[in-house]
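Engineer: Handing you a structure now.
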Amino acid sequence: MADARPSHAPHWWRDAVIYQVYPRSFADGDGDGTGDLAGVRARLPYLAELGVDAVWFTPWYVSPLVDGGYDVADYRTVDPAFGTLAEAEKLIAEARELGIRTIVDIVPNHVSDQHAWFRAALAAGPGSPERALFHFRPGRGEHGELPPNDWPSQFAGPTWTRVPDGEWYLHLFTPEQPDLNWSHPVVRQEHEDVLRFWFERGVAGVRIDSAALLAKDPALPDFVEGVDPHPYIDQDELHDIYRAWRRIADEYDGVFVGEVWLPDAERFARYLRPDELHTAFNFSFLACPWEADRLRRSIDDTLAEHAPVGAPATWVLCNHDVTRTVTRYGREDTAFDFATKTYATPTDLALGTRRARAAALLTLALPGSAYLYQGEELGLPEADIPPDRIQDPMHFRSRGTDPGRDGCRVPLPWSADAPHCGFGSDTEPWLPQPEGWAHYAVDRQSADPTSMLALYRQALRMRGSLPGFGDGPLTWLDAPDGVLAFARGDGLRCLVNLSAEVVELPEHTEVLLSSGPLDGEGERLPQDTAVWLVPAPSA
Ligand code: TEU
């Protein structure tokens, strides 16, 4: 069959659906309680049936796993807990045969404290060339007992740690993640080589972790609120780094997706200029509450900021760092009390699920590419993790005030009746699955045409085969208050009802898909429901 979307190749990434695999929690092939590449290989048919175009793997490299693998000790080797490099190569090739491209996750801002460079730097001492690869500095105060500056950490806690010889080193995240010195040519060369290493192995793309943080003001000045430029976010020097990376990617037809959290739209778009990154995550949409006006503004702002540089937008509802979608949307009142770390209202999972289903159809109808985080297609809620099983350093660094990110990283349920829902064997998984997890199991949902999984399968099939989806313009249509309605070309309409009322559907020849039951004779759209329609010829 001819591809209904001519833009699909060679610019597959402009409208792809990309599935995020967190290898530790996807599927456990060797039965030790930790997910692995064998588990992913065995489940590739599941991903093919789901209908995704690519898989992004969070880091699978050798790592002490202090920060879930974002503390990399060797960028060229797969952690033995996950498998081997040869297995990763097989996985990349097998996925490609099923039409699924692979995206790896590169962590350039920092390494693990177990990385050979950092161990050498500690051993070599102050003033050594080995230390020049990092940010080592003497402390302030009479005896150097105070950190070199006052930078706030991305995680709670200090950004400097003192070593026994008296120097301090910088780490924007945990002390086990020392920041690299990106002004050093050896650091740049090494990462360019690492990119080539993975492109040579057949990966189609690279996700760049913490992409706007790499470069630091060499003076390492104190942070002054509101003063521009920020000493370590969005430094101009980054663009030169990414231009060099782009030249490498172009040799392999590879693509980048940058993790760029920046509030300023114009600064954000600079990373997406034609000779820099192909795409970057759009987090404003993820952070937006379930309110029509704010979602519409987020969509408009996103499209407007991408348009001048010609880059496609990306849409994400969830990832391994945030509260799962059905739980987030299950809070009638999204007001979060930072003092008590609680929400004003309890979570209503039925409500959250209804909204998450509607949000799925909204997201998949927007122009650009969409990301799907493992378990989102199962409607998994955020899990409560018993205090003695919490792993995330974010929790400990906040002195327990932040629950951490483990609740969205719980091992997937595959079969309702198997031990640990078929995650692996009867070995206890690395994070416990909560009570009731079997309800979400893949085998149970596969047999239920009204399940979240069935909705995603249908939606992805339509998105991949019918005209109107993916890249291209979006036109807003008149709609009652609280209803988002837009056209994608002549053949597709998407309506999402976020109002408190049931609304009439516009004239149409066919309802392609709805996120929940329609009212009346299928002519009315209930609250928190989305629909894809083929409009009547005159509409
Ligand atoms: O996240 C970068 C980042 O900015 C995080 O601090 C983010 O703000 C936070 O997780 C939101 O809850 C990336 C990875 O996605 C994350 O998992 C890593 O912990 C982090 O980098 C360090 O490598």
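The values are calculated or read from the model by the stated rules, or taken from the named source; none is laboratory data. This is a predicted model, so every value here is computed, not measured. In this analysis, Cβ positions are derived from the backbone assuming ideal geometry, glycine residues included, and neighbour counts consider all displayed protein chains. Protein only, heavy atoms only, side chains kept; ligands, DNA and RNA dropped before computing areas. Shrake-Rupley method; radii C 1.70, N 1.55, O 1.52, S 1.80 Å.
Engineer: Keeping all protein chains in position, work out how much accessible area C421 exposes to a 1.4 Å probe, and write it in Å² to the nearest 10.
Structural biologist: Roughly 10 Å² of C421 is accessible to a 1.4 Å probe.
Engineer: Also: Rounded to the nearest 500 deg cm²/dmol, what is the calculated helix-only ellipticity per residue at 222 nm for the chain, with -39500 (n - 2.57) per DSSP H run of length n ≥ 4?
Structural biologist: After summing the helix terms and dividing by residue count, I get -7500 deg cm²/dmol.
Engineer: Tally Lys/Arg at +1 and Asp/Glu at -1 over every other residue whose Cβ is under 12 Å from the Cβ of H508; what's the total?
Structural biologist: -3
Engineer: Would you list D448, D253 from the most to the least accessible area, probe 1.4 Å?
Structural biologist: Correct descending sequence by accessible area is D253, D448.
Engineer: Convex hull over the alpha-carbon atoms of the range 447-516: what's its volume per residue in Å³?
Structural biologist: In the range 447-516, the Cα hull volume divided by residue count equals 113 Å³.
Engineer: Note down, for the range 116-170, the three equivalent ellipsoid semi-axes (square root of 5 times each alpha carbon gyration tensor eigenvalue), biggest first, whole angstrom.
Structural biologist: In descending order the semi-axes read 19, 14, 8 Å.
Engineer: Where does each of D471, D406 land when they are ordered by accessible area, with a 1.4 Å probe and the largest first?
Structural biologist: The ordering from most to least exposed comes out as D471, D406.
Engineer: Loop only per DSSP, at most 12 neighbouring Cβ atoms within 10 Å: give me the trypsin sites (Lys or Arg not before Pro) in the range 443-481, ordered by residue number.
Structural biologist: Here no trypsin sites (Lys or Arg not before Pro) fit, given the DSSP loop and packing criteria.
Engineer: If you don't mind, another one. Please report, as a whole percent, how much of the solvent-accessible surface of the chain comes from carbon and sulfur atoms (probe radius 1.4 Å).
Structural biologist: 53
Engineer: With just the Cα atoms defining each centre, how far is the range 413-456 from the range 84-105? Give it in Å.
Structural biologist: Centre-to-centre distance over Cα atoms comes out at 25 Å.
Engineer: Any idea of the accessible area per residue across the chain, 1.4 Å probe, to the nearest Å²?
Structural biologist: In whole numbers, the chain has 40 Å² accessible per residue.
Engineer: Can you work out the base-10 log of I(q)/I(0) for the chain at q = 0.07, 0.08, 0.10 1/Å, using the Debye formula on its C-alpha atoms alone?
Structural biologist: Debye curve over Cα of the chain, log10 I(q)/I(0) at q = 0.07, 0.08, 0.10 Å⁻¹: -0.40, -0.53, -0.84.
Engineer: Here's something else I'd like to know. At what distance in nm do the modelled label points of E291 and E49 sit from each other, each positioned 7 Å from its Cα along Cα→Cβ?
Structural biologist: 4.1
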